[in-house]
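The values are calculated or read from the model by the stated rules, or taken from the named source; none is laboratory data. These figures come from a predicted structure and were not determined experimentally. Because the Cβ atoms are built from the backbone with ideal geometry, glycine has one as well, and the counts that use them run over all protein chains shown. Only protein heavy atoms, including side chains, enter the accessible area calculation; ligands, DNA and RNA are left aside. Shrake-Rupley method; radii C 1.70, N 1.55, O 1.52, S 1.80 Å.
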Amino acid sequence: MNNKYELIYEGKAKKVFSHEDSDKVIIEFKDDATAFNALKKAKFEGKGKLNCLISARIFEILISNNIPTHFIELKNENIMIAKKIKVIPLEIVLRNTAYGSLCKQTTIKPGTILAKPLIDIYLKNDELNDPILTKERIELMNIISSKDLDLIIDLTLKINIILKSFFKNIQLQLVDFKLEFGYDFKNKILLGDEISPDNCRLWDLNQKNDTIVSLDKDRFRNDLGGLIEAYSEINRRINEFI
Ligand code: UDP
């Protein structure tokens with residue numbers, strides 16, 4: 001990235017730079033992958049580009065469905081321009097199918113279709129290992145008002161309806177996903193971060209039997225191999241459909 005832009009923040013998978021307009025930022029998607037709170041790390045050439053392209057398409061779909069997001073435009077294959085937001089330190093996970101931590105922490109069997117979407121909220125705090133929260137704990141920490149929390153939950157449920165149906169059209173089961181929100185300069189809540197196979201579980205529905213074929217970051221978490229092939233397949237199906 002051109003050094004006229006100041007690096008504001010570097011996360012595990014993205015770098016955020018200043019923009020000439022103070023209400024915008026430049027987001028560069030990196031090829032780095034981390035799992036289990038960065039205990040496991042690797043680099044996959046081309047992952048940044050694929051996640052940036054996939055996220056941009058998904059944001060466009062959400063925007064056309066009246067979901068407020070930070071996305072403005074793609075600058076190039078691994079860089080997007082977004083509205084500057086003050087990130088709310090909560091990770092909002094929505095689950096349609098039981099998998100991952102839900103099955104490790106409960107007696108619910110992996111693959112169980114949930115009767116209604118389950119929303120789990122975690123504190124975005126690596127030092128504390130992103131603990132799961134309750135509404136009461138969120139209130140005690142004064143992170144956001146209960147009105148804004150309700151708004152975020154409502155937006156997450158709406159996003160799920162849009163994405164579940166979109167992914168089904170391209171033969172993918174939206175198992176679960178994680179969202180992050182923030183406030184823009186007018187204090188309006190916007191969807192931020194990214195929506196990609198790094199933070200969504202997507203299972204291939206083009207399977208004759210019931211075997212689970214993950215086309216998401218579980219390929220890295222569970223050492224399945226073929227991460228770039230899986231992300232490329234998602235990108236290919238999205239572009240073919242749109
Ligand atoms: N997730 C994420 N970042 C995190 C934790 C989870 O993007 O720090 C996503 C993950 O990709 C999955 C969903 O949130 O789509 C639910 O993850 P889960 O709580 O099952 O945790 P995991 O099994 O990844 O530890």
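Leaving out ligands, DNA and RNA, and with a 1.4 Å probe, what % of the accessible surface on segment 194-242 is carbon or sulfur? Each step should come with its number before you reach the end.
Numbers: 1130 of 2400 Å².
Answer for segment 194-242: carbon and sulfur cover 47 percent of the accessible area.
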Charge context of S55, other residues only, Cβ under 14 angstrom, K/R +1, D/E -1: -1
Residues with amide H under 5 Å from that of G11, placed H, sequence gap 5 or more: V16
Model label zone, K124; criterion: amide N under 18 Å from point 7 Å along Cα-to-beta-carbon; scope segment 161-183: 177-183
Cα-projected label distance for D150 with N76, points at 7 Å along beta-carbon direction, nm: 4.7
Shape parameters for segment 157-242, alpha-carbon atoms, Rg then Dmax in Å: 14.4, 50
Kirkwood hydrodynamic radius of the chain, Cα pairs, Å: 18.5
Those residues of segment 178-216 whose amide nitrogen sits under 14 Å from the label point placed on D23, 7 Å along Cα→Cβ: 183-190
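May I ask for the equivalent-ellipsoid semi-axes of segment 1-134, computed as the square root of five times each C-alpha gyration tensor eigenvalue and listed largest first in whole Å? Please report the intermediate quantities before stating the final value.
On the way: eigenvalues 174, 67, 48 Å².
Ellipsoid semi-axes (Å, largest first): 30, 18, 16.
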Stokes-Einstein D in µm²/s, Kirkwood radius over Cα pairs - segment 36-80 at 25 °C with 0.890 mPa s viscosity: 205
Space enclosed by the convex hull of the alpha-carbon atoms of segment 111-155, per residue, Å³: 104
Average accessible surface area per residue within the chain, 1.4 Å rolling probe, Å²: 53
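Averaged over every viewing direction, what's the projected area of the C-alpha convex hull for segment 88-129? Give it in nm², one decimal, please.
Values: hull surface 13.1 nm².
Projected area, direction-averaged: 3.3 nm².
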Hz values of 3J(HN,Hα) by residue in segment 31-46 - Karplus curve (6.51, -1.76, 1.60), Gly and Pro given as x: 8, 6, 10, 10, 8, 6, 6, 6, 5, 10, 9, 7, 10, 10, 4, x
Charge dipole (debye, nearest 20) of the chain; +1 at Cβ of Lys and Arg, -1 at Cβ of Asp and Glu: 340
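Quickly rank 105-117, 202-214 as a protection proxy: mean count of other C-beta atoms within 10 Å, highest first. Before the final figure, lay out each step's value.
On the way: 105-117: 10.8, 202-214: 13.4.
The densest-packed peptide leads the list: 202-214, 105-117.
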For the chain, with +1 on Lys and Arg beta carbons and -1 on Asp and Glu, the positive-most of I85, I27, L102 along the dipole: L102
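For segment 31-189, what relative contact order do you get, as a whole percent, if you take Cα pairs closer than 8 Å and at least 6 residues apart? Write out the running numbers ahead of the final one.
On the way: 209 pairs, mean separation 36.6, N = 159.
That works out to 23 percent.
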